[in-house]
Amino acid sequence: MRTVEEASNAMALDGIIFEGVAVRVRRPTDYNPTLAAALGPSQPSPHLNLGAVGLTQGAVGGAEGPDRIFVGGLPYYFTEAQIRELLQSFGPLRGFDLVKDKDTGNSKGYGFCVYQDPAVTDIACGALNGLKMGDKTLTVRRATASNGQSKSEQENILVQAQQHIAMQKMALQVVDLNLLGGGMATMASGETPTKVLCLTEAITADQLGDDEEYVEILEDMRDECSKFGTLVNVVIPRQDQHGEHISGVGKVFLEYSDTGSCANARNVLSGRKFGGNIVNAFYYPEDKYHSRDYSA
C-alpha cells in the first residue's frame, strides 16, 4: 500500500462477502502491532462505507490473528448473542466464533474472538479470566503467545487492567448484562427467586447491642443494597432489652420490590468478604418474612 492508513483501511475487507465468498485479509505473521502503532493508525477508519461500493460486511474468519482470544468455560445455555454482549463490554469485536457440535449445533462451551482495538486484548483477558458465570468459571487468555509487547509493556497493561477489572466485574453482575438477569444465580443454585434476600455472616450479634451502632448499620445496609434495585425495607433482628431470645439474630433481611432486583443483589453480595467473613446470600420465603419468622 502507499500509506499506513491505506494498509489499515484494507483490513476492513476482512470477512466481506464478494461474489458469494468470504474474503480473508490478514496482516503478515510477523506483524508487530506495538511497533506499528507508532507509524500511524492500525485500525480501519470508522468512516469507511463499504456499502457505497457494493460490498457487504461479513464476520467469517474474523476471529483470527495475533490478538486472537480463547474464551472457555462458557455455560452451555448462553446464546451466541449473549456471549457477544459480554465480550463487547470492553469494546467492539472484529470477529467472534462460537465452537458448536457439528451434529447437534449446540455450543461446546468455548470460542474465539478478536477485538477491533488490539490494546483491549490483555485488559479483557485480565478482567474476564476467572469470572464466575452461573455454574461455570471463565478461562480467557490469548490463543497464541504474544510477541508484540515487551515484558514492561505487558506489566503496564496489567496494572491498568487491575483498575478496570473491579468496575467491570461489578458492572457485569449488577447491570444484569441483559444475559440471563436474575436467572444466572437461580440456575446455579436451584433456588426459587423471591423478593426477600437473607444475608448471613455479614454482621455479628455483638455489633447490634449499641443503639447508635445498630442505626448506623441499618443506614449502611440501605445505602449499599439500594444500588441493586428498589429496596423496600431492611430488617436486622436483635435481642430485646429484656434479653429474650429473638430468632434470626445475626441475619440481615433485604426486601426488594421485585425478584430481579433481589437476584442482582444476590449475585453481587454472595461470596463477598465483610469484616473478614464471607457473606452467604440466599432467597428467603416471603410468607415467613412477612409473618416475622426469621428462623428459617
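The values are calculated or read from the model by the stated rules, or taken from the named source; none is laboratory data. Since we're looking at a predicted model, the values are computed, not measured. Positions of Cβ are backbone-derived with ideal geometry, glycine not excepted, and every protein chain shown enters the neighbour counts. Quick note on the areas: whole protein, heavy atoms, side chains included, nothing else; ligands and nucleic acids left out. Shrake-Rupley method; radii C 1.70, N 1.55, O 1.52, S 1.80 Å.
Summary table
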{"item": "Extreme residue, farthest from F253 (Cα to Cα), among residues of segment 179-200 that are at pLDDT 85 or above and either touching a Gly at 6+ places or on another chain (Cβ under 9 Å) or open to solvent by 60 Å² or more (accessible area, probe 1.4 Å) (or both)", "result": "P193"}
{"item": "Conditions (1) open to solvent by 40 Å² or more (accessible area, probe 1.4 Å); (2) under 20 Å from T29 (Cβ atoms); (3) modelled with pLDDT under 80; number of the one not met by R94", "result": "(3)"}
{"item": "Members of segment 26-45 found to be assigned to a loop (DSSP other than H, G, I, E, B) and either assigned by the TED database to the domain that holds Q116 or surrounded by 10 or more Cβ atoms within 10 Å (Cβ to Cβ) (or both), listed by number", "result": "R26, R27, Y31, N32, L39, G40, P41, S42, Q43, P44, S45"}
{"item": "Residue under evaluation I203, criteria (1) modelled with pLDDT under 85; (2) more than 33 Å from the chain's Cα centre (by Cα); (3) not basic (K, R), criterion not met", "result": "(2)"}
{"item": "Segment 265-296: number of residues that are on the phi < 0 side of the Ramachandran plot, among the small types (G, A, S) and open to solvent by 50 Å² or more (accessible area, probe 1.4 Å)", "result": "4"}
{"item": "Cross-chain or 6+ apart pairs with Cβ under 6 Å, segment 283-296 first and outside the structural domain of A265 (by the TED database), then open to solvent by 70 Å² or more (accessible area, probe 1.4 Å) and of a type in the set (K, R)", "result": "A296/K288"}
{"item": "Only listed residue being of a type outside the set (A, V, I, L, M, F, W, C), assigned to a loop (DSSP other than H, G, I, E, B), modelled with pLDDT of 80 or more and out of contact with any Pro (no Cβ under 9 Å at 6 or more places or on another chain), chosen from G126, G105", "result": "G105"}
